[in-house]
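Here's the structure we're looking at; comments come further down.
The values are calculated or read from the model by the stated rules, or taken from the named source; none is laboratory data. Given the structure is predicted, the values throughout are model-derived calculations rather than measurements. We place every Cβ from the backbone using ideal geometry, glycine too, and count neighbours over all the protein chains shown. Heavy atoms of the whole protein, side chains included, go into the accessibility calculation; ligands, DNA and RNA do not. Shrake-Rupley method; radii C 1.70, N 1.55, O 1.52, S 1.80 Å.
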Amino acid sequence: MSDERESIHGEWSGSFSFFLAASGAAVGLGNIWKFPYVVGENGGGAFILFYILFLFLIGLPLMMSEVLVGRRGRQSPVNSFYILASEDQQSRRWAWLGGISAITGFLILSYYSVVAGEVMAYTVRAATGSFTNQSADGIQSIYNDFRANPEGLLAWHTIFMVITCIIVARGVRHGLEKTVKLILPVIILILIAMVAYSVSTGSFIEGASYLVDFDFKKLFFSRDKTGIYLLNSHGEYQFTFKGILAAMGHAFFTLSIGVGVMIVFGSYLARNTSITRVCVSVALVDTIIALLAGLAIFPIVFSYELSVTQGPGLVFTTLPIAFGTMSYGNLIGSVFFLLLFLAALTSAIALIEPAVTWLIEKKKITRVQATIKAGVACWALGIVSIFSLSGATLRQLIYNLGSYLDISDIDIRHRIFDLTGFQILDGLITLVILPLTGLLIAVFVGWIMKPESSGAELNCGKAFQYRIWQIVVRYVAPALILIIFIAGLIEWVSKYLLYQPVL
Ligand code: TRP
(Lines give C-alpha, C1' and ligand atoms only; values in the text may rest on other atoms or scores of the structure.)
Protein backbone atom coordinates (compact mmCIF):
# COMPACT_ATOMS: atom_id res chain seq x y z
CA MET A 1 0.00 0.00 0.00
CA SER A 2 2.56 2.49 1.16
CA ASP A 3 4.71 1.73 -1.88
CA GLU A 4 2.38 3.66 -4.14
CA ARG A 5 2.60 6.88 -2.20
CA GLU A 6 4.95 9.59 -3.37
CA SER A 7 5.95 12.87 -1.83
CA ILE A 8 4.53 15.84 -3.69
CA HIS A 9 7.32 17.99 -2.31
CA GLY A 10 10.22 16.15 -3.95
CA GLU A 11 12.79 13.58 -2.89
CA TRP A 12 16.43 13.50 -1.85
CA SER A 13 18.75 12.49 -4.63
CA GLY A 14 20.07 9.71 -2.36
CA SER A 15 20.17 8.54 1.22
CA PHE A 16 23.43 10.43 1.79
CA SER A 17 21.52 13.66 1.23
CA PHE A 18 19.05 12.65 3.90
CA PHE A 19 21.97 11.94 6.22
CA LEU A 20 23.46 15.37 5.53
CA ALA A 21 20.17 17.22 5.91
CA ALA A 22 19.27 15.39 9.12
CA SER A 23 22.74 15.98 10.51
CA GLY A 24 22.48 19.63 9.48
CA ALA A 25 19.20 19.87 11.41
CA ALA A 26 20.68 18.12 14.41
CA VAL A 27 23.92 20.07 14.51
CA GLY A 28 23.12 23.63 15.42
CA LEU A 29 23.32 26.29 18.08
CA GLY A 30 22.36 23.47 20.44
CA ASN A 31 25.69 21.76 19.90
CA ILE A 32 28.02 24.70 19.89
CA TRP A 33 26.33 27.42 21.92
CA LYS A 34 24.05 25.52 24.30
CA PHE A 35 25.84 22.23 24.96
CA PRO A 36 29.04 23.71 26.42
CA TYR A 37 27.18 25.99 28.80
CA VAL A 38 24.68 23.41 30.03
CA VAL A 39 27.60 21.05 30.59
CA GLY A 40 29.36 23.82 32.50
CA GLU A 41 26.28 24.52 34.61
CA ASN A 42 25.49 20.91 35.38
CA GLY A 43 28.72 19.25 36.38
CA GLY A 44 30.75 18.32 33.26
CA GLY A 45 31.03 14.60 32.57
CA ALA A 46 28.25 13.69 35.01
CA PHE A 47 25.82 15.61 32.84
CA ILE A 48 27.29 14.21 29.63
CA LEU A 49 26.84 10.67 30.93
CA PHE A 50 23.11 11.15 31.39
CA TYR A 51 22.83 13.10 28.16
CA ILE A 52 24.40 10.28 26.14
CA LEU A 53 22.25 7.74 27.92
CA PHE A 54 19.08 9.63 27.01
CA LEU A 55 20.35 10.29 23.51
CA PHE A 56 20.68 6.63 22.67
CA LEU A 57 17.93 5.24 24.89
CA ILE A 58 15.20 7.75 24.04
CA GLY A 59 16.40 10.11 21.32
CA LEU A 60 17.61 7.64 18.73
CA PRO A 61 14.56 5.31 18.85
CA LEU A 62 12.30 8.35 18.63
CA MET A 63 14.20 9.75 15.68
CA MET A 64 13.79 6.39 13.94
CA SER A 65 10.08 6.53 14.77
CA GLU A 66 9.68 9.95 13.20
CA VAL A 67 11.53 8.98 10.04
CA LEU A 68 9.39 5.86 9.82
CA VAL A 69 6.15 7.85 10.09
CA GLY A 70 7.31 10.28 7.40
CA ARG A 71 8.58 7.72 4.96
CA ARG A 72 5.39 5.72 5.20
CA GLY A 73 3.04 8.72 5.08
CA ARG A 74 5.03 10.71 2.49
CA GLN A 75 3.44 14.01 3.48
CA SER A 76 3.67 16.81 6.03
CA PRO A 77 3.60 15.66 9.68
CA VAL A 78 -0.13 16.41 9.90
CA ASN A 79 -1.12 14.36 6.88
CA SER A 80 1.41 11.61 7.51
CA PHE A 81 -0.14 10.89 10.91
CA TYR A 82 -3.58 11.14 9.34
CA ILE A 83 -2.73 8.62 6.61
CA LEU A 84 -1.03 6.13 8.91
CA ALA A 85 -3.82 6.30 11.48
CA SER A 86 -6.43 5.72 8.76
CA GLU A 87 -4.41 2.88 7.28
CA ASP A 88 -4.40 1.02 10.58
CA GLN A 89 -8.02 1.94 11.38
CA GLN A 90 -7.17 4.28 14.22
CA SER A 91 -8.43 7.71 15.22
CA ARG A 92 -7.57 10.40 12.70
CA ARG A 93 -7.18 12.85 15.55
CA TRP A 94 -3.54 11.74 15.63
CA ALA A 95 -3.09 14.32 12.88
CA TRP A 96 -3.12 16.85 15.72
CA LEU A 97 0.19 15.52 16.90
CA GLY A 98 1.67 16.47 13.52
CA GLY A 99 0.13 19.94 13.82
CA ILE A 100 1.54 20.52 17.31
CA SER A 101 4.96 19.35 16.12
CA ALA A 102 5.01 21.69 13.12
CA ILE A 103 3.93 24.63 15.28
CA THR A 104 6.63 23.86 17.84
CA GLY A 105 9.31 23.98 15.14
CA PHE A 106 7.97 27.29 14.09
CA LEU A 107 8.07 28.61 17.68
CA ILE A 108 11.63 27.41 18.13
CA LEU A 109 12.69 29.16 14.94
CA SER A 110 11.25 32.44 16.18
CA TYR A 111 13.86 32.67 18.94
CA TYR A 112 16.52 30.55 17.27
CA SER A 113 16.67 33.13 14.51
CA VAL A 114 17.18 35.94 17.01
CA VAL A 115 20.17 34.17 18.54
CA ALA A 116 21.45 33.33 15.06
CA GLY A 117 21.18 37.02 14.15
CA GLU A 118 23.25 37.82 17.20
CA VAL A 119 25.82 35.30 16.02
CA MET A 120 26.00 37.07 12.64
CA ALA A 121 26.55 40.39 14.34
CA TYR A 122 29.33 38.86 16.42
CA THR A 123 30.99 37.45 13.30
CA VAL A 124 31.29 40.98 11.97
CA ARG A 125 32.42 42.36 15.33
CA ALA A 126 35.11 39.75 15.76
CA ALA A 127 36.37 40.35 12.22
CA THR A 128 36.53 44.10 12.69
CA GLY A 129 38.42 43.87 15.93
CA SER A 130 35.75 45.09 18.37
CA PHE A 131 37.02 42.70 21.03
CA THR A 132 40.71 43.49 20.68
CA ASN A 133 42.28 44.17 24.07
CA GLN A 134 38.92 44.64 25.74
CA SER A 135 38.59 43.91 29.44
CA ALA A 136 35.93 41.51 30.69
CA ASP A 137 33.82 44.53 31.61
CA GLY A 138 34.27 46.00 28.16
CA ILE A 139 33.08 42.79 26.50
CA GLN A 140 30.16 42.56 28.90
CA SER A 141 29.07 46.07 28.04
CA ILE A 142 29.34 45.36 24.29
CA TYR A 143 27.01 42.43 24.93
CA ASN A 144 24.60 44.39 27.13
CA ASP A 145 24.48 47.32 24.71
CA PHE A 146 23.82 45.00 21.81
CA ARG A 147 21.03 43.21 23.61
CA ALA A 148 19.48 46.46 24.75
CA ASN A 149 19.23 47.66 21.17
CA PRO A 150 16.06 46.19 19.64
CA GLU A 151 16.60 47.80 16.22
CA GLY A 152 19.97 46.10 15.78
CA LEU A 153 18.64 42.74 16.92
CA LEU A 154 15.65 43.09 14.64
CA ALA A 155 17.81 43.91 11.63
CA TRP A 156 19.98 40.81 12.10
CA HIS A 157 16.98 38.61 12.86
CA THR A 158 15.42 39.86 9.61
CA ILE A 159 18.53 39.12 7.55
CA PHE A 160 18.76 35.62 8.99
CA MET A 161 15.09 34.88 8.30
CA VAL A 162 15.40 36.15 4.73
CA ILE A 163 18.40 33.88 4.02
CA THR A 164 16.55 30.91 5.55
CA CYS A 165 13.43 31.56 3.50
CA ILE A 166 15.33 31.96 0.22
CA ILE A 167 16.88 28.52 0.68
CA VAL A 168 13.62 26.86 1.70
CA ALA A 169 11.69 28.46 -1.16
CA ARG A 170 14.10 26.87 -3.66
CA GLY A 171 12.84 23.41 -2.78
CA VAL A 172 14.13 20.10 -1.54
CA ARG A 173 16.89 19.46 -4.08
CA HIS A 174 17.89 22.95 -5.14
CA GLY A 175 17.48 24.57 -1.74
CA LEU A 176 17.87 22.21 1.19
CA GLU A 177 20.05 19.56 -0.37
CA LYS A 178 22.46 21.91 -2.09
CA THR A 179 22.90 23.98 1.06
CA VAL A 180 23.67 21.09 3.38
CA LYS A 181 26.08 19.55 0.88
CA LEU A 182 28.00 22.77 0.83
CA ILE A 183 27.82 23.72 4.49
CA LEU A 184 28.23 20.52 6.49
CA PRO A 185 31.78 19.80 5.32
CA VAL A 186 32.71 23.41 6.10
CA ILE A 187 31.31 23.06 9.63
CA ILE A 188 33.37 19.95 10.25
CA LEU A 189 36.54 21.49 8.85
CA ILE A 190 36.19 24.64 10.95
CA LEU A 191 35.56 22.59 14.09
CA ILE A 192 38.60 20.44 13.53
CA ALA A 193 40.70 23.56 12.98
CA MET A 194 39.32 25.05 16.21
CA VAL A 195 40.13 21.89 18.16
CA ALA A 196 43.64 21.92 16.67
CA TYR A 197 44.02 25.49 17.87
CA SER A 198 42.77 24.49 21.34
CA VAL A 199 45.36 21.75 21.52
CA SER A 200 47.98 24.46 21.06
CA THR A 201 46.71 26.59 23.96
CA GLY A 202 48.39 24.46 26.60
CA SER A 203 45.17 23.97 28.55
CA PHE A 204 43.84 21.22 26.36
CA ILE A 205 44.14 18.52 29.00
CA GLU A 206 42.37 20.68 31.54
CA GLY A 207 39.55 21.43 29.08
CA ALA A 208 39.22 17.84 27.96
CA SER A 209 39.20 16.50 31.50
CA TYR A 210 36.36 18.86 32.29
CA LEU A 211 34.25 16.90 29.80
CA VAL A 212 34.92 13.62 31.55
CA ASP A 213 35.13 14.94 35.09
CA PHE A 214 32.09 13.58 36.94
CA ASP A 215 30.81 16.25 39.30
CA PHE A 216 27.65 14.49 40.46
CA LYS A 217 27.21 16.96 43.30
CA LYS A 218 26.72 19.76 40.81
CA LEU A 219 24.31 17.66 38.76
CA PHE A 220 22.09 16.53 41.61
CA PHE A 221 22.03 19.34 44.18
CA SER A 222 20.58 22.85 44.07
CA ARG A 223 22.72 25.93 44.20
CA ASP A 224 21.79 29.58 44.51
CA LYS A 225 22.68 32.23 41.96
CA THR A 226 26.19 32.64 43.32
CA GLY A 227 26.88 28.90 43.12
CA ILE A 228 26.59 28.11 46.83
CA TYR A 229 24.85 24.83 47.60
CA LEU A 230 21.46 25.19 49.25
CA LEU A 231 20.70 23.26 52.43
CA ASN A 232 17.32 22.09 53.66
CA SER A 233 16.10 22.49 57.23
CA HIS A 234 18.05 19.39 58.31
CA GLY A 235 21.25 20.87 57.01
CA GLU A 236 21.41 18.46 54.05
CA TYR A 237 21.96 19.28 50.40
CA GLN A 238 18.76 19.79 48.41
CA PHE A 239 18.28 17.23 45.67
CA THR A 240 17.14 18.58 42.31
CA PHE A 241 15.91 16.98 39.10
CA LYS A 242 16.86 20.05 37.14
CA GLY A 243 20.11 18.64 35.78
CA ILE A 244 18.61 15.35 34.69
CA LEU A 245 15.66 17.08 33.10
CA ALA A 246 18.06 19.37 31.26
CA ALA A 247 19.98 16.32 30.01
CA MET A 248 16.80 14.78 28.66
CA GLY A 249 15.51 18.04 27.21
CA HIS A 250 18.80 18.62 25.48
CA ALA A 251 18.83 15.10 24.03
CA PHE A 252 15.48 15.89 22.37
CA PHE A 253 16.53 19.33 21.28
CA THR A 254 19.84 18.36 19.80
CA LEU A 255 18.46 15.50 17.71
CA SER A 256 15.69 17.81 16.47
CA ILE A 257 12.99 15.49 17.72
CA GLY A 258 9.38 16.41 18.40
CA VAL A 259 9.00 19.12 15.80
CA GLY A 260 8.19 16.97 12.79
CA VAL A 261 11.44 17.65 10.95
CA MET A 262 12.49 14.04 10.85
CA ILE A 263 9.00 13.17 9.60
CA VAL A 264 9.31 15.60 6.70
CA PHE A 265 12.88 14.62 5.90
CA GLY A 266 11.83 10.96 6.11
CA SER A 267 9.07 11.63 3.60
CA TYR A 268 11.71 12.60 1.02
CA LEU A 269 13.68 9.42 1.68
CA ALA A 270 13.77 6.51 -0.75
CA ARG A 271 12.18 3.23 0.24
CA ASN A 272 15.28 1.06 0.13
CA THR A 273 17.31 2.97 2.73
CA SER A 274 17.81 1.40 6.16
CA ILE A 275 16.30 3.81 8.65
CA THR A 276 18.26 2.29 11.52
CA ARG A 277 21.63 2.74 9.92
CA VAL A 278 21.14 6.30 8.77
CA CYS A 279 19.64 7.42 12.11
CA VAL A 280 22.48 5.88 14.11
CA SER A 281 24.93 7.78 11.90
CA VAL A 282 23.11 11.07 12.47
CA ALA A 283 23.06 10.58 16.26
CA LEU A 284 26.77 9.76 16.24
CA VAL A 285 27.71 12.76 14.13
CA ASP A 286 25.64 15.02 16.35
CA THR A 287 27.27 13.71 19.53
CA ILE A 288 30.77 13.89 18.10
CA ILE A 289 30.25 17.47 16.98
CA ALA A 290 28.92 18.52 20.41
CA LEU A 291 31.95 16.92 22.08
CA LEU A 292 34.30 18.55 19.58
CA ALA A 293 32.68 21.90 20.32
CA GLY A 294 33.38 21.28 24.01
CA LEU A 295 36.97 20.37 23.18
CA ALA A 296 37.33 23.54 21.13
CA ILE A 297 35.78 25.87 23.68
CA PHE A 298 36.76 24.68 27.18
CA PRO A 299 40.55 24.75 26.70
CA ILE A 300 40.35 28.33 25.39
CA VAL A 301 38.23 29.34 28.37
CA PHE A 302 40.60 27.68 30.82
CA SER A 303 43.79 28.93 29.25
CA TYR A 304 42.62 32.53 29.74
CA GLU A 305 41.54 31.66 33.28
CA LEU A 306 37.91 32.41 32.55
CA SER A 307 34.86 30.64 33.98
CA VAL A 308 32.85 27.97 32.19
CA THR A 309 29.78 28.48 34.31
CA GLN A 310 28.68 31.65 32.59
CA GLY A 311 25.38 30.27 31.30
CA PRO A 312 24.00 31.39 27.94
CA GLY A 313 26.59 34.17 27.76
CA LEU A 314 29.47 31.69 27.54
CA VAL A 315 30.20 32.14 23.85
CA PHE A 316 29.16 35.79 23.73
CA THR A 317 30.83 37.16 26.84
CA THR A 318 33.54 34.72 27.80
CA LEU A 319 35.08 33.60 24.52
CA PRO A 320 35.41 37.13 23.06
CA ILE A 321 37.70 38.03 25.98
CA ALA A 322 40.01 35.28 24.79
CA PHE A 323 39.61 36.29 21.12
CA GLY A 324 40.49 39.87 22.03
CA THR A 325 43.78 38.82 23.61
CA MET A 326 45.12 35.97 21.48
CA SER A 327 47.19 36.48 18.36
CA TYR A 328 45.11 36.22 15.20
CA GLY A 329 42.12 36.67 17.54
CA ASN A 330 40.10 38.55 14.91
CA LEU A 331 40.47 35.73 12.45
CA ILE A 332 39.88 32.91 14.92
CA GLY A 333 36.96 34.70 16.55
CA SER A 334 35.20 35.48 13.29
CA VAL A 335 35.70 31.96 11.98
CA PHE A 336 34.23 30.62 15.22
CA PHE A 337 31.11 32.78 14.91
CA LEU A 338 30.86 31.89 11.23
CA LEU A 339 30.79 28.24 12.32
CA LEU A 340 27.90 29.01 14.67
CA PHE A 341 26.07 30.85 11.91
CA LEU A 342 26.42 27.99 9.41
CA ALA A 343 25.31 25.44 11.99
CA ALA A 344 22.29 27.61 12.82
CA LEU A 345 21.38 28.01 9.14
CA THR A 346 21.14 24.27 8.39
CA SER A 347 18.93 23.93 11.47
CA ALA A 348 16.73 26.89 10.62
CA ILE A 349 15.84 25.58 7.17
CA ALA A 350 14.78 22.35 8.85
CA LEU A 351 12.76 24.10 11.54
CA ILE A 352 10.50 25.87 9.08
CA GLU A 353 10.13 23.00 6.58
CA PRO A 354 7.30 21.11 8.39
CA ALA A 355 5.16 24.25 8.57
CA VAL A 356 5.87 25.00 4.89
CA THR A 357 4.90 21.50 3.70
CA TRP A 358 1.75 21.65 5.76
CA LEU A 359 0.76 25.02 4.29
CA ILE A 360 1.40 23.74 0.76
CA GLU A 361 -0.82 20.71 1.33
CA LYS A 362 -3.55 22.48 3.21
CA LYS A 363 -3.87 25.73 1.33
CA LYS A 364 -2.84 24.33 -2.06
CA ILE A 365 -0.37 27.16 -2.54
CA THR A 366 3.11 27.11 -4.05
CA ARG A 367 6.26 26.52 -2.02
CA VAL A 368 7.32 30.13 -2.48
CA GLN A 369 4.01 31.45 -1.16
CA ALA A 370 4.03 29.01 1.75
CA THR A 371 7.58 29.96 2.69
CA ILE A 372 6.76 33.65 2.65
CA LYS A 373 3.71 33.14 4.86
CA ALA A 374 5.49 30.96 7.39
CA GLY A 375 8.60 33.15 7.30
CA VAL A 376 6.76 36.40 7.94
CA ALA A 377 4.79 34.91 10.83
CA CYS A 378 7.94 33.50 12.37
CA TRP A 379 9.76 36.78 11.94
CA ALA A 380 6.95 38.65 13.68
CA LEU A 381 6.94 36.23 16.60
CA GLY A 382 10.68 36.69 16.98
CA ILE A 383 10.02 40.24 18.14
CA VAL A 384 8.85 38.83 21.50
CA SER A 385 12.29 37.30 22.03
CA ILE A 386 14.02 40.45 20.88
CA PHE A 387 12.50 42.38 23.73
CA SER A 388 13.39 39.63 26.18
CA LEU A 389 17.05 39.71 25.29
CA SER A 390 17.45 43.16 26.74
CA GLY A 391 16.85 41.35 30.02
CA ALA A 392 13.39 42.74 30.69
CA THR A 393 11.67 40.26 32.96
CA LEU A 394 7.92 39.89 33.04
CA ARG A 395 7.99 41.75 36.37
CA GLN A 396 9.63 44.78 34.81
CA LEU A 397 7.32 44.69 31.81
CA ILE A 398 4.29 44.60 34.07
CA TYR A 399 5.61 47.50 36.13
CA ASN A 400 6.23 49.47 32.96
CA LEU A 401 2.76 48.74 31.70
CA GLY A 402 1.36 49.45 35.14
CA SER A 403 -0.02 52.83 34.23
CA TYR A 404 -1.90 51.46 31.23
CA LEU A 405 -3.12 48.17 32.64
CA ASP A 406 -5.08 47.33 35.72
CA ILE A 407 -2.68 44.90 37.30
CA SER A 408 -4.22 44.77 40.73
CA ASP A 409 -5.42 41.19 40.08
CA ILE A 410 -2.04 39.83 39.16
CA ASP A 411 -0.03 38.53 42.05
CA ILE A 412 3.48 39.25 40.97
CA ARG A 413 5.14 37.73 43.99
CA HIS A 414 5.59 34.50 42.01
CA ARG A 415 9.09 33.84 40.81
CA ILE A 416 7.87 33.17 37.31
CA PHE A 417 7.76 36.94 36.86
CA ASP A 418 11.52 37.03 37.21
CA LEU A 419 11.84 35.21 33.91
CA THR A 420 11.86 36.78 30.46
CA GLY A 421 9.57 35.83 27.59
CA PHE A 422 12.52 34.12 25.90
CA GLN A 423 13.27 31.98 28.96
CA ILE A 424 9.64 30.97 29.26
CA LEU A 425 9.37 30.04 25.58
CA ASP A 426 12.62 28.09 25.59
CA GLY A 427 11.84 26.38 28.91
CA LEU A 428 8.30 25.51 27.90
CA ILE A 429 9.48 24.02 24.63
CA THR A 430 12.54 22.07 25.72
CA LEU A 431 11.26 20.95 29.10
CA VAL A 432 7.56 20.44 28.41
CA ILE A 433 6.44 20.35 24.79
CA LEU A 434 9.33 18.35 23.27
CA PRO A 435 9.17 15.56 25.91
CA LEU A 436 5.39 15.39 25.55
CA THR A 437 5.34 15.24 21.75
CA GLY A 438 8.15 12.68 22.01
CA LEU A 439 6.05 10.62 24.38
CA LEU A 440 3.04 10.74 22.06
CA ILE A 441 5.14 9.73 19.05
CA ALA A 442 6.42 6.73 21.01
CA VAL A 443 2.83 5.80 21.91
CA PHE A 444 1.76 6.18 18.28
CA VAL A 445 4.44 4.00 16.71
CA GLY A 446 4.62 1.56 19.62
CA TRP A 447 0.96 1.02 20.40
CA ILE A 448 -1.28 2.60 17.78
CA MET A 449 0.39 1.56 14.52
CA LYS A 450 0.17 -2.11 13.72
CA PRO A 451 3.50 -3.92 14.22
CA GLU A 452 3.23 -5.15 10.62
CA SER A 453 3.23 -1.55 9.40
CA SER A 454 6.05 -0.30 11.60
CA GLY A 455 8.05 -3.48 11.03
CA ALA A 456 7.68 -3.26 7.26
CA GLU A 457 8.77 0.36 7.25
CA LEU A 458 11.79 0.00 9.51
CA ASN A 459 12.80 -2.70 7.03
CA CYS A 460 15.46 -4.04 9.29
CA GLY A 461 14.29 -7.52 8.35
CA LYS A 462 15.91 -8.77 11.49
CA ALA A 463 13.22 -9.69 13.98
CA PHE A 464 15.60 -9.24 16.89
CA GLN A 465 16.52 -5.67 15.98
CA TYR A 466 12.87 -4.78 15.53
CA ARG A 467 12.00 -6.31 18.88
CA ILE A 468 14.57 -4.18 20.71
CA TRP A 469 13.32 -1.04 19.06
CA GLN A 470 9.73 -2.00 19.87
CA ILE A 471 10.47 -2.63 23.55
CA VAL A 472 12.21 0.72 23.78
CA VAL A 473 9.44 2.75 22.13
CA ARG A 474 6.69 0.85 23.95
CA TYR A 475 8.06 0.77 27.47
CA VAL A 476 11.48 2.25 28.12
CA ALA A 477 11.17 5.63 26.41
CA PRO A 478 7.61 6.44 27.60
CA ALA A 479 8.39 5.39 31.18
CA LEU A 480 11.60 7.40 31.36
CA ILE A 481 10.05 10.46 29.77
CA LEU A 482 7.07 10.36 32.12
CA ILE A 483 9.09 9.92 35.30
CA ILE A 484 11.54 12.68 34.50
CA PHE A 485 8.90 14.96 33.12
CA ILE A 486 6.60 14.68 36.14
CA ALA A 487 9.45 15.06 38.63
CA GLY A 488 10.71 18.11 36.76
CA LEU A 489 7.27 19.61 36.51
CA ILE A 490 6.59 19.28 40.23
CA GLU A 491 9.87 20.94 41.01
CA TRP A 492 9.31 23.72 38.52
CA VAL A 493 5.81 24.45 39.76
CA SER A 494 6.96 24.56 43.37
CA LYS A 495 9.82 26.84 42.49
CA TYR A 496 8.12 29.30 40.20
CA LEU A 497 4.40 29.17 40.74
CA LEU A 498 3.92 28.63 44.47
CA TYR A 499 4.24 31.59 46.80
CA GLN A 500 7.78 32.28 47.68
CA PRO A 501 9.12 35.48 49.06
CA VAL A 502 11.10 37.24 46.37
CA LEU A 503 14.61 37.57 47.69
N1 TRP B 1 18.99 20.47 16.90
C2 TRP B 1 19.14 21.88 16.78
C3 TRP B 1 20.39 22.29 17.54
O4 TRP B 1 21.02 21.49 18.15
C5 TRP B 1 17.99 22.66 17.28
C6 TRP B 1 16.69 22.11 16.94
C7 TRP B 1 15.76 21.70 17.80
C8 TRP B 1 16.22 21.87 15.66
N9 TRP B 1 14.70 21.19 17.13
C10 TRP B 1 14.97 21.29 15.82
C11 TRP B 1 16.74 22.07 14.41
C12 TRP B 1 14.28 20.88 14.72
C13 TRP B 1 16.04 21.67 13.33
C14 TRP B 1 14.81 21.08 13.48
O15 TRP B 1 20.70 23.43 17.53
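See the values below:
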{"item": "Pairs where the first residue, in segment 29-41, is without any contact (Cβ under 8 Å) to a residue 60 or more places away in the chain and the second is more than 7 Å from the ligand (Cβ to nearest atom) and open to solvent by less than 20 Å² (accessible area, probe 1.4 Å), C-beta under 7 Å, 6+ apart", "result": "none"}
{"item": "Residue check for Ser76: open to solvent by less than 10 Å² (accessible area, probe 1.4 Å) and more than 15 Å from the chain's Cα centre (by Cα)", "result": "yes"}
{"item": "Number of positions in segment 291-321 that are open to solvent by 10 Å² or more (accessible area, probe 1.4 Å) and within 16 Å of the ligand (Cβ to nearest atom)", "result": "3"}
{"item": "Qualifying residue in segment 340-362 (condition: of a type in the set (Asp, Glu) and away from the ligand (no atom under 16 Å from the Cβ))", "result": "yes"}
{"item": "Positions within segment 322-344 being modelled with pLDDT of 90 or more and open to solvent by 10 Å² or more (accessible area, probe 1.4 Å), in sequence order", "result": "Tyr328, Asn330, Leu331, Ile332, Ser334, Val335, Leu338, Phe341, Leu342"}
{"item": "Filter result for the condition that a residue is buried (at least 19 other Cβ atoms within 10 Å of the Cβ), over 16 Å from the mean Cα position of the chain (by Cα) and more than 20 Å from Val473 (Cβ to Cβ), over Met64, Met120", "result": "Met120"}
{"item": "Some residue of segment 427-449 being open to solvent by 50 Å² or more (accessible area, probe 1.4 Å) and modelled with pLDDT under 75", "result": "no"}
{"item": "Subset tally (residues that are within 16 Å of the ligand (Cβ to nearest atom) and open to solvent by 10 Å² or more (accessible area, probe 1.4 Å)) for segment 29-45", "result": "4"}
{"item": "Every residue from segment 276-290 that is out of contact with any Cys (no Cβ under 8 Å at 6 or more places or on another chain) and either crowded, with 19+ Cβ neighbours inside 10 Å or over 27 Å from Gly266 (Cβ atoms) (or both)", "result": "Val278, Cys279, Val282, Ala283, Val285, Asp286, Thr287, Ile289, Ala290"}
{"item": "Residue match in segment 128-139 (condition: aromatic (Phe, Trp, Tyr), modelled with pLDDT under 95 and closer than 23 Å to Ala479 by Cβ)", "result": "no"}
{"item": "Some residue of segment 166-186 being open to solvent by 70 Å² or more (accessible area, probe 1.4 Å), at pLDDT below 95 and β-branched (Val, Ile, Thr)", "result": "no"}
{"item": "Counted residues, segment 200-212 - those being surrounded by fewer than 16 Cβ atoms within 10 Å (Cβ to Cβ) and modelled with pLDDT of 85 or more", "result": "4"}
{"item": "Any pair with Cβ under 7 angstrom, 6 or more apart, that starts in segment 348-368 at a residue that is part of a helix (DSSP H, G or I) and ends at one that is among the small types (Gly, Ala, Ser) and away from the ligand (no atom under 16 Å from the Cβ)", "result": "Val356/Ala370; Leu359/Ala370; Ile360/Ala370; Arg367/Ala169; Arg367/Gly171; Val368/Ala169"}
{"item": "Number of positions in segment 356-382 that are open to solvent by 10 Å² or more (accessible area, probe 1.4 Å) and of a type in the set (Gly, Ala, Ser)", "result": "2"}
{"item": "Some residue of segment 231-239 being within 30 Å of Ala442 (Cβ to Cβ) and open to solvent by 60 Å² or more (accessible area, probe 1.4 Å)", "result": "yes"}
{"item": "Only one of Ser130, Ser91 that is open to solvent by 20 Å² or more (accessible area, probe 1.4 Å), closer than 30 Å to Val69 by Cα, among the hydroxyl-bearing types (Ser, Thr, Tyr) and more than 25 Å from the chain's Cα centre (by Cα)", "result": "Ser91"}
{"item": "Residue match in segment 82-99 (condition: at pLDDT 90 or above, of a type outside the set (A, V, I, L, M, F, W, C) and either within 12 Å of the ligand (Cβ to nearest atom) or within 23 Å of Phe241 (Cα to Cα) (or both))", "result": "no"}
